[in-house]
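Structure, as structure tokens:
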Amino acid sequence: MAGDAELRRTVISARDLVKTYGDFNAVDGISFDVPAGESFGLLGPNGAGKSTTMRMIGGVTQRTSGRLDIMGLDPESQGPEVRAHLGVVPQQDNLDEELRVRDNLIVYGRYFGLPRAYLMRRADELLAFAQLEDKAKARVDSLSGGMKRRLTIARSLINDPKILLLDEPTTGLDPQARHVLWDRLFRLKEQGVTLVLTTHYMDEAEQLCDRLIVVDKGKIMAEGSPAALIREHSSREVLEVRFGTDRNAAVAPRLDGAGDRIEVLPDRVLVYTEDGEGSLEQIRARGLHPITSLVRRASLEDVFLRLTGRSLVE
Amino acid sequence: MSFLTDEDYVLAADRRPLSALYARNAKAVIERGFQVIRSQNWIILVSGFFEPVFYLLSMGIGLGNLVGAVEGPGGATISYAAYIAPALLAVSAMNGAIYDSTWNIFFKMHFGKLYQSMLYTSLGPFDIALGEIFMALFRGFLYALGFTGVMAVMGLITTPWALLLVPTSVMVAFGFASFGMAITSYMKTFQQMDIITFVMLPMFLFSATFYPLSVYPLPIQWMVEVFPLWHGVELMREISIGSFSSATWVHLAYYVVMILVGMLFTTRRLRALFLR
């Protein structure tokens, strides 16, 4: 995918984006390009500036400085024109609680100036897409969290967007609903829709993103495809060994050399290595016997935690 | 849907002035308003109608019994109820418009997140402002119609001119609503919103609503004459008995200017209100 993506037109171009609230830099000089049809991810802890970046792309937050070009237009001076071709799934569902489920879709379509007759048909298609046909007449506040999320996503497609912005689309969904959603997003991608999504689910980023940037404290920490990021910032495999909470730290120095890098966590020790089983053999050969051990592939999560640190972000 | 090619990803700029703020689609916001009214309990819609009616019944009949007849515009002698009724209509137009353009907007902005979703469509903030003001005025129109009906039933209407009370009440509401939204754009917290009540209440009490302006010493009269509500009260009172003077034009002009300045002010504050 990355190969032919380079040939395509750039549809989102951000240069040195900055958004300042008082003396706090929510976004602090971010630059990136997204070609048509790509699935582009923004990864980062809470408060990293992902949502603010999304809002600037939609032109609903004024940027402090920097340039932004969406399909040839500046969303700040051409907001309605740009947003006519955007679909937006905000982090928190903001459905119209005063309207019924189907009316939510139709009224929202009217905001784009689409004809009512067309919207009646389109609303039914989207209700089917979101598996909400039997809820058409229901009140929004009677829907479950997963249903609301699906309705929000259906609503974002009412105008057949060329670019779909998804801010943590699957947060709060159960595993079934997540997979249904991923499947729907794949289908949109197959139709050439450009996807921009923020997430802090690493499996989601690996599944959905052709390319992503890792953002922390308003700055880009790394950029690349999920596989390339793992190659660059992690080892191929990770060996997790547990010696018991009180012994982990004491044992750690004796693991030196068993892998490329060792990280001690309170409950376990991580050994970053090209060959997990081999490292485990070495450790056993040194006379150390972990209570449990696990060899797994390195994931984006390892990259993410390495780049953004392990301390809790509020 | 067919596959999106690179050509599909080229947008043409809209060169109209203010195209970033206004997409000429306020009617979609108005449609939503009516859709909500349709699916809503009608009691919510009419509840605001009763406030001025209760005032009219208690003050007009109750106080009216003590006060008796009073001197109306142009020296006509009218009942106390007939004296305060048009003033109450002006007050209710003001209260309704202010409530809708301040509290209602503030709440939908910060808690209902309604505008957040609207702004992510091809609507501009000006479309939303126009649509919401229209809905507020429509509600004001219904209340004014109802209140004028109550006046008729109570025998307080003696001239066909009184029919103009309804559109005039909408005009008074427009004047206040156009400013209300701009003022809301400065508000960040509930505590700040209380300032609005602090300004509205004295305006209601002192704008010659319940007694003539002449009871005050001159400097205070001048002060009251600056208040928009006083002009609304006087205008409505003149219309209710069909007695006009050169001052009528001053009151009308006051509102025309107020609406124009208010809309300009609101337009200038739209980015601060909606696009933080």
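Since every read-out is calculated from the coordinates, none of them should be taken as a lab result. Keep in mind the model is a prediction, meaning the values are calculated, not measured. For neighbour counting, all protein chains shown are included, and Cβ atoms are generated from backbone atoms with ideal geometry for every residue, glycine included.
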Q) How far apart, in nm, are two points set 7 Å out from the Cα along the Cα-to-Cβ line at B:Val256 and at B:Trp42? A) 3.8 nm
Q | Principal axis dimensions, the stretch B:158-276 - Cα atoms, whole angstrom, descending | A | 51, 31, 21
Q) Expressed in nm to one decimal, what extension gain is obtained for the pair A:Asp124 and A:Arg236 from 0.36 nm per residue of sequence separation less their Cα-Cα distance? A) 35.7 nm
(Q) Of the candidates B:Leu21, B:Leu235, B:Leu137, which one comes out as most mobile in a Gaussian network treatment of chain B with C-alpha springs shorter than 10 Å? (A) B:Leu21
Q: Can you tell me the dipole magnitude for the protein assembly as shown around its Cα centre, using point charges on the Cβ only (Lys, Arg +1; Asp, Glu -1), in Debye to the nearest 20?
A: 740 debye
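Given the stretch A:1-73, what whole percent of its Cα pairs are spread farther than 18 Å?
On the way: 1033 of 2628 pairs.
For the stretch A:1-73, the fraction of Cα-Cα distances above 18 Å is 39 percent.
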Q: Calculate the mean, over all residues of peptide B:108-121, of how many other protein chain Cβ atoms lie within 10 angstrom of the residue's Cβ.
A: 6
Q. Between B:Arg16 and A:Arg116, what FRET efficiency comes out of the Förster formula 1/(1 + (r/R0)^6) with R0 = 30 Å and r the beta carbon distance, rounded to 0.05?
A. 0.75
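Based on alpha-carbon atoms only, what is the radius of gyration of the stretch A:185-314 relative to the globular estimate 2.2 N^0.38 Å? Mind dumping the intermediate values first?
Working: Rg = 17.2 Å, N = 130, 2.2 N^0.38 = 14.0 Å.
Working it through for the stretch A:185-314, the quotient is 1.23.
Give me the percent relative contact order of chain B, please, defined on Cα pairs under 8 angstrom at least 6 residues apart. Mind showing how you got there, number by number?
On the way: 298 pairs, mean separation 71.1, N = 276.
Normalised by residue count, the contact order of chain B is 26 percent.
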Q: Report the charge-dipole magnitude of chain A in Debye, nearest 20, computed about the Cα centre from +1 at each Lys and Arg Cβ and -1 at each Asp and Glu Cβ.
A: 580 debye
Q) Which value in nm describes the separation of the simple spin-label points at A:Arg187 and B:Phe50, placed 7 Å from the Cα toward the beta carbon? A) 5.0 nm
(Q) Checking the table A:Lys135/B:Lys113; A:Lys19/A:Lys219; A:Lys135/A:Lys189; A:Lys162/A:Lys189 against a 20 Å threshold on Cα-Cα, which pairs fail? (A) A:Lys135/B:Lys113; A:Lys135/A:Lys189
Q: Evaluate the distance, in nm, between pseudo-label points positioned 7 Å from the Cα of B:His110 and of A:Ser142 along their respective Cα→Cβ axes.
A: 3.2 nm
Q. If you take the charge dipole of the stretch B:141-276 about its Cα centre, with +1 on Lys and Arg Cβ and -1 on Asp and Glu Cβ, which of B:Ser246, B:Val261, B:Pro160 is farthest toward its positive end?
A. B:Val261
Q: Would you work out which of B:Ile61, B:Gln192, B:Ile84 lies farthest towards the positive end of the dipole of chain B? Charges go on Cβ: Lys and Arg +1, Asp and Glu -1.
A: B:Gln192
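Which order do the peptides A:139-151, A:248-260 take when ranked by the mean count of other beta-carbon atoms within 10 Å per residue, highest first? All intermediate terms of the calculation are to be shown ahead of the outcome.
Details: A:139-151: 17.2, A:248-260: 15.1.
Listed from highest to lowest mean packing, they are A:139-151, A:248-260.
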Q: State, to one decimal in nm², a quarter of the convex hull surface area for the C-alpha atoms of the stretch B:87-166, i.e. the direction-averaged projected area.
A: 6.2 nm²
Q.
For the protein assembly as shown, what does the convex hull of the Cα positions come to per residue, in cubic angstrom?
A. 196 Å³
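Rounded, prolate or oblate: which fits the stretch B:175-215, taking a ≥ b ≥ c as square roots of the Cα gyration tensor eigenvalues, rounded meaning a/c under 1.5, else prolate when a/b beats b/c? Write down the numbers at each step before the final one.
Numbers: a/c = 4.95, a/b = 2.14, b/c = 2.32.
Since a/c reaches 1.5 but b/c is at least a/b, the shape of the stretch B:175-215 is classed as oblate.
Full-extension gain between B:Leu264 and B:Leu218, please, as 0.36 nm times their residue separation minus the C-alpha to C-alpha distance. Don't jump to the answer; show the numbers that get you there.
Values: separation 46, 0.36 × 46 = 16.56 nm, distance 3.28 nm.
Result for the pair: 13.3 nm of gain on full extension.
May I ask you to sort A:Val34, B:Val199 by Cβ crowding, counting other Cβ atoms within 10 Å and putting the fewest first? Provide the component values of the computation, followed by the final result.
Numbers: A:Val34 23, B:Val199 12.
Least to most surrounded, the residues fall as B:Val199, A:Val34.
What is the gain in length, in nm to one decimal, between A:Val264 and A:Ala228 on full extension, counting 0.36 nm per residue of separation less the C-alpha to C-alpha distance? Mind showing how you got there, number by number?
Values: separation 36, 0.36 × 36 = 12.96 nm, distance 2.49 nm.
My answer for the length gained is 10.5 nm.
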Q. In a GNM of chain B with a 10 Å cut-off on Cα contacts, which of B:Val233, B:Val224, B:Val172 has the highest mean-square fluctuation?
A. B:Val224
Q) At 222 nm, what helix-only mean residue ellipticity would the protein assembly as shown give, in deg cm²/dmol to the nearest 500, using -39500 (n - 2.57) for each DSSP H run of four or more? A) -15000 deg cm²/dmol
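Using per-residue counts of other Cβ atoms within 10 Å, averaged over each peptide, order B:73-80, B:115-122 from highest down. Provide the component values of the computation, followed by the final result.
Values: B:73-80: 15.5, B:115-122: 23.5.
Packing proxy ranking, top to bottom: B:115-122, B:73-80.
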Q) For B:9-22, what's the mean count of beta carbons from other chains sitting within 10 Å of each residue's beta carbon? A) 5
Q) Along the charge dipole of the stretch A:143-205, Cβ charges K/R +1 and D/E -1, which of A:Asn159, A:Gln176, A:Val193 sits furthest on the positive end? A) A:Asn159
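When N is the residue count of the stretch B:45-274, what does its C-alpha Rg come to as a fraction of 2.2 N^0.38 Å? It would help to have the intermediate numbers written out before the result.
Values: Rg = 18.1 Å, N = 230, 2.2 N^0.38 = 17.4 Å.
The stretch B:45-274 yields a ratio of 1.04.
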Q) In the stretch A:2-226, if every C-alpha pair distance is counted and binned at 10 Å from zero, what percent goes to each bin? A) 8, 33, 37, 19, 3
Q.
For A:Leu164, what residues show an amide H to amide H distance below 5 Å, using hydrogens built from the backbone and excluding near sequence neighbours?
A. A:Gly87, A:Thr194, A:Leu195, A:Val196
**Q.** Cα Rg, Dmax, the stretch A:255-314, angstrom units
**A.** 12.6, 42
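Taking only C-alpha pairs under 8 Å that are 6+ residues apart, what is the relative contact order of chain A in percent? Spell out each step's value before the answer.
Numbers: 591 pairs, mean separation 61.0, N = 314.
Once divided by the residue count of chain A, the mean separation gives 19 percent.
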Q.
Please list log₁₀ I(q)/I(0) at q = 0.10, 0.15, 0.19 Å⁻¹ for the stretch A:8-127, using the Debye equation with identical point scatterers on the alpha-carbon positions.
A. -0.39, -0.81, -1.10
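Would you mind giving the mean number of other chain beta-carbons within 10 Å of the Cβ of each residue in A:109-117, as a whole number? Spell out each step's value before the answer.
On the way: counts 2, 10, 16, 6, 8, 2, 0, 1, 0.
Per residue, the number of nearby Cβ atoms from other chains is 5 on average.
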Q: Return the FRET efficiency for the residue pair A:Arg286, A:Asp174: r is the Cβ-Cβ distance, R0 is 56 Å, and the value is rounded to the nearest 0.05.
A: 0.80
Q | Residue with peak Gaussian network fluctuation, chain B [Cα springs, cutoff 10 Å], from B:Leu114, B:Leu156, B:Leu130 | A | B:Leu114
